[in-house]
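Colleague: Sharing a structure, written as structure tokens. Questions coming.
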Amino acid sequence: MAMVIDGKRISEQIKEEVRQEVARLKQSGRQVSLAVIQVGDDPASTVYVGNKKKACEYVGIRSLSYELPGDASEEELLRLVEELNGRSDVDGILVQLPLPGQISEERVLKAISPEKDVDGFHALNMGALCVGKPGFVPCTPLGILELLKRSGIEVSGKECVVVGRSNIVGKPVAMLLLREDATVTICHSRTRDLATVTKRADILIVAVGKPKMITADYVKEGAVVIDVGIHRVPGSRKLFGDVDFESVEPVCSAITPVPGGVGPMTIAMLMSNCVESAKRR
Ligand code: GUN
């Protein structure tokens, strides 16, 4: 029987630690605050943004909400980001992605002050991660490392395979694992004979965005499997990951469920990054 890694419990533990830290800072006259910007009313984004604000409230972080219409111009958004960059009472700035087509995500992410980039998406923070310098690390990759650490899973010297090469998950998680002395392989849609590569993994991280793609045929006996995917299949209320849980669970030693695995960790690490920012500034 594989250990099912309880991301909900671990994320609650982290949020509790953050709550105490926020209270300590408040006692010394320092209120931690996060500005959250949403452009348009994409339903999924509205749910994510709502969850982020709820988490802020829970840990005692002040959240400032900015809702721009779906037809807002890039200039308008850039002006808002500039204003928030200059405000000494704002520790973190988060622009919810995706942005509407008329706005360049690249230009907007670049405009956020790297010192307030609690999402860790700014190229300077990405670069800092690559060269092993301090900076903000994206929340989902940070959450994955925290899940492994708090479940007693050693990373150093392990063969880690990451499936997916996105800027938000695949690339940064590979860099983090490398920083922790793992041997890392990144696979993607053009990888030849994917199963041969993934079967080498002691730790397999899956962030491909295809429901139930990874079955037991892709997993080495006793591997640790981390599932970053989250999918709602039409006609069903159930959520699915990129990993076929029923197929993989019997062959692995530990696995994250969907929901309740990696998902809750992202917001917990966002809260942790906000505190980090307040302490640094
Ligand atoms: N959209 C999907 N995931 C994320 C995230 O982690 N941060 C932001 N800003 N937008 C997202």
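Colleague: I'm trying to understand the selection: among the residues of the stretch 1-23, which are of a type in the set (Val, Ile, Thr) and in contact with a strand residue (DSSP E or B) (Cβ under 8 Å, 6 or more places away or on another chain)?
Modeller: Listed by number, the residues that qualify are VAL4, ILE5.
Colleague: Among (1) within 16 Å of the ligand (Cβ to nearest atom); (2) without any contact (Cβ under 8 Å) to a residue 24 or more places away in the chain; (3) β-branched (Val, Ile, Thr), which single condition is VAL131 missing?
Modeller: The one condition VAL131 does not meet is (1).
Colleague: Moving to a separate point now. Read through the list (1) away from the ligand (no atom under 14 Å from the Cβ); (2) without any contact (Cβ under 8 Å) to a residue 40 or more places away in the chain, then give the number of the only condition that ASP91 fails.
Modeller: (2)
Colleague: Still on this structure, please answer the following. Against the condition in contact with a helix residue (DSSP H, G or I) (Cβ under 6 Å, 6 or more places away or on another chain), away from the ligand (no atom under 14 Å from the Cβ) and of a type in the set (S, T, N, Q), how does SER156 come out, does it pass?
Modeller: no
Colleague: Any residue that is surrounded by fewer than 20 Cβ atoms within 10 Å (Cβ to Cβ), touching a Phe, Trp or Tyr at 6+ places or on another chain (Cβ under 7 Å), of a type in the set (D, E, K, R) and without any contact (Cβ under 8 Å) to a residue 24 or more places away in the chain - is there at least one of those in the stretch 211-227?
Modeller: Looking through the stretch 211-227, none of the residues is surrounded by fewer than 20 Cβ atoms within 10 Å (Cβ to Cβ), touching a Phe, Trp or Tyr at 6+ places or on another chain (Cβ under 7 Å), of a type in the set (D, E, K, R) and without any contact (Cβ under 8 Å) to a residue 24 or more places away in the chain.
Colleague: Would you please list the contacts, defined by Cβ atoms under 7 Å and residues six or more apart or on different chains, that run from a residue in the stretch 105-124 that is within 20 Å of GLU276 (Cα to Cα) to a residue that is part of a loop (DSSP other than H, G, I, E, B) and among the hydrophobic types (A, V, I, L, M, F, W, C)?
Modeller: Taking only residues 6 or more apart or on different chains, the pairs are LEU109/PHE121; LYS116/VAL90; ASP117/PHE136; VAL118/PHE136; GLY120/PHE136; GLY120/VAL137; HIS122/ILE112.
Colleague: For the stretch 181-210, which positions are part of a loop (DSSP other than H, G, I, E, B) and surrounded by 17 or more Cβ atoms within 10 Å (Cβ to Cβ)?
Modeller: Within the stretch 181-210, ALA182, ALA201, ASP202, ALA207, VAL208 meet the criteria.
Colleague: Just give me the residues in the stretch 228-263 being assigned to a loop (DSSP other than H, G, I, E, B), surrounded by fewer than 20 Cβ atoms within 10 Å (Cβ to Cβ) and in contact with a Pro (Cβ under 8 Å, 6 or more places away or on another chain), in sequence order.
Modeller: ILE230, VAL233, listed by residue number.
Colleague: What are the residues in the stretch 23-50 that are assigned to a helix (DSSP H, G or I) and within 21 Å of GLY263 (Cα to Cα), if any?
Modeller: Within the stretch 23-50, PRO43, ALA44, SER45, THR46, VAL47, TYR48, VAL49, GLY50 qualify.
Colleague: Can you confirm whether the stretch 4-18 contains a residue that is within 16 Å of the ligand (Cβ to nearest atom), closer than 23 Å to VAL108 by Cβ, touching a residue at least 60 places away in the same chain (Cβ under 8 Å) and surrounded by 14 or more Cβ atoms within 10 Å (Cβ to Cβ)?
Modeller: No; the residues of the stretch 4-18 include none that is within 16 Å of the ligand (Cβ to nearest atom), closer than 23 Å to VAL108 by Cβ, touching a residue at least 60 places away in the same chain (Cβ under 8 Å) and surrounded by 14 or more Cβ atoms within 10 Å (Cβ to Cβ).
Colleague: Within the stretch 94-115, work out how many residues are part of a helix (DSSP H, G or I), within 18 Å of LEU34 (Cα to Cα) and within 13 Å of the ligand (Cβ to nearest atom).
Modeller: The number of residues fulfilling the criteria is 2.
Colleague: Within the stretch 264-279, is even one residue away from the ligand (no atom under 16 Å from the Cβ) and either surrounded by fewer than 18 Cβ atoms within 10 Å (Cβ to Cβ) or under 16 Å from LYS8 (Cα atoms) (or both)?
Modeller: Yes, there is a match, as at least one residue in the stretch 264-279 is away from the ligand (no atom under 16 Å from the Cβ) and either surrounded by fewer than 18 Cβ atoms within 10 Å (Cβ to Cβ) or under 16 Å from LYS8 (Cα atoms) (or both).
Colleague: Okay, next question. I need the full set of residues from the stretch 25-43 which are more than 11 Å from GLU67 (Cβ to Cβ) and surrounded by 11 or more Cβ atoms within 10 Å (Cβ to Cβ), in order please.
Modeller: Passing the criteria: LEU25, LYS26, ARG30, GLN31, VAL32, SER33, LEU34, ALA35, ASP42.
Colleague: To continue, here is another question. Could you list all residues from the stretch 92-119 that are over 19 Å from LEU64 (Cα atoms) and small (Gly, Ala, Ser)?
Modeller: Passing the criteria: GLY101, SER104.
Colleague: I'd like to check something: does the stretch 59-74 contain any residue that is assigned to a helix (DSSP H, G or I) and either within 14 Å of the ligand (Cβ to nearest atom) or loosely packed, with under 13 Cβ neighbours inside 10 Å (or both)?
Modeller: no
Colleague: When you look at GLN20, is it under 23 Å from PRO264 (Cβ atoms), at pLDDT 95 or above, assigned to a strand (DSSP E or B) and not aromatic (Phe, Trp, Tyr), yes or no?
Modeller: no
Colleague: Could you check how many residues of the stretch 131-164 are in a helix (DSSP H, G or I) and under 30 Å from SER63 (Cα atoms)?
Modeller: So the count comes out to 12.
The values are calculated or read from the model by the stated rules, or taken from the named source; none is laboratory data. Worth saying up front: this structure is predicted, and the values here are computed from it rather than measured. For neighbour counting, all protein chains shown are included, and Cβ atoms are generated from backbone atoms with ideal geometry for every residue, glycine included.
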